[in-house]
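Working notes for the structure below.
The values are calculated or read from the model by the stated rules, or taken from the named source; none is laboratory data. Small disclaimer: the values here were computed from a predicted structure and weren't measured. No Cβ is skipped: glycine too gets one built from the backbone with ideal geometry, and neighbour counts run over all protein chains shown. When the accessible area is computed, the model is the full protein with side chains, heavy atoms only, and any ligands, DNA or RNA have been set aside. Shrake-Rupley method; radii C 1.70, N 1.55, O 1.52, S 1.80 Å.
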Amino acid sequence: MSKRFSTLDTTRLLFEHPKILFRMIERMDRNEARFIRESDLVAEVMDYTRGLGKADRERVRLALNTDNLFRSGLIIDIIKADGERRLVFQDALINLMRACNASLYQELTDARLRGHLVTLRDVRNRLETSSFSDADPDYTELRDDLNERVSQLIGLLRQNVLRMQTISAQLADLSGDASRAPEKYLEFRQNLFEQIVTLYERHIKPTLVFLNPDTRLPDGSNLFETLEAMVRLLEGHDDHSLADQLFRSSISLNALYKPIQAVAQEVEHFLRKTRRGMAQYNAMEHFYGKLRALKDDTETLSLRRKWLEGGDFARSTGFLVGLRAQQRPKHYAFGQSSSYYQLLFSELELRLSDLRRQYEVPVLQEVAGSGRESRVDLQRINQLYQWLETLELRPTADLVRELHGRLDGFIPGYRFADLLAALNRLVNSPPEGMQVTTTNRFRTLEQAPDCEQFVYRKRRLETNTTDTEQEPDHA
């Protein structure tokens, strides 16, 4: 008696080594068949297990033996035709394997979509003559059948949307020779156009028509009209629970229209690309596919694989070489702390105070750099000192830049000499309760009209913490 695996063990082995069935499903779709030839399955299993250890190789070969698959119920029928054996797998198993690999999702054709629509119309006709009583088994079976068919349709359409959203990689595969054979570009473009038109006409356009609520069909109601008719029937017979569920399903179906419409626009945009545009498109898709593969490596059961291991990718492409040496772009954003807003409001109050005092700005006499008079220069500095005494200042890390911002635009004929005079005044006579600290860090200021530069030592205006409280007098 040969070794036999249970259905659970066989299924577990299939999902531990999914590439075998993945390749079989790809071949089945390529041949547009609903079966897998036994010879193809045996050859694929033998080729795949050559790289496994002895124990694993024996287990996989025993589990994927035709007799074991048939006894475990994963193969539902074996057809003998044209001198070969054809294996028909469980639809549930095939659909589950497709759900594990988005590239295996089948595009919905016009025939399949119309088949679902005809089935829903039949359910609506049966619902019109139903008793709408929970005690009637025919009605309960009809209700379960309706839920199952609507859920199945939504699932198929969502899979179709996911499949269509990967169309960028498919277009890159179709146009892979565009940059390698420029002399045959015109011939290539014609073949490409025919393939993409077939994809658009056979899969994308029928789905758009099926999900368009404004579609008019010659043989009857469209999808949404059929669902609305059933909702009205259920509401009219007080089955509000099922009516609400069916209404939500129609909303979900309606929401699938926009992503498929976006895919259709991408296909139309791709057809207008030049040879150079196709080459650039393929390059981006090629490297994007590599990054996707690195990301897929993190989506395993290992909790240690949380980050992309992109070191080899960065070195091989050259895109990211030297990126760490570049300073990260700085963005302006509002802070979250209360001190941030206090600082912001304090700055606004100071600027508004300067604007309100614009009529108090001293009228200083213009002084020429070479022929200035000592009397005029002295008078200007005295007026500047008087104005500084009324100027409100706060602690700052760069007193020179702060003074420059406050004086520039408010003092007529402002120049760096005025800044030096003001700075000298504050260093010798700082505001009450504050002190000026000079550092060894140098900064540069520029004045626009003459492109004049001023190199200065950075000075901080700080709260004076050296003052000690006086001890109280003792009588």
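Details
- The range 457-465 - phi-based ³J(HN,Hα) in whole Hz, Karplus 6.51/-1.76/1.60, Gly and Pro as x: 7, 6, 10, 10, 9, 10, 5, 6, 9
- For A264, net neighbour charge (Lys/Arg +1, Asp/Glu -1) across residues whose Cβ lies under 12 Å away: -1
- Whole-percent carbon and sulfur share, accessible surface of the range 35-97, 1.4 Å: 50
- The coefficient of translational diffusion for the range 1-139, derived via Stokes-Einstein from the alpha carbon Kirkwood radius under 4 °C and 1.567 mPa s, stands at 74 µm²/s.
- Summed over the residues of the range 7-104 and divided among them, the accessible surface reaches 56 Å² per residue at a probe radius of 1.4 Å.
- Computed from backbone phi with θ = phi - 60° and the Karplus coefficients 6.51, -1.76 and 1.60, the 3J(HN,Hα) list for the range 144-161 is 5, 5, 5, 4, 5, 6, 5, 4, 5, 5, 5, x, 5, 5, 5, 4, 5, 5 Hz; x is used for glycine and proline.
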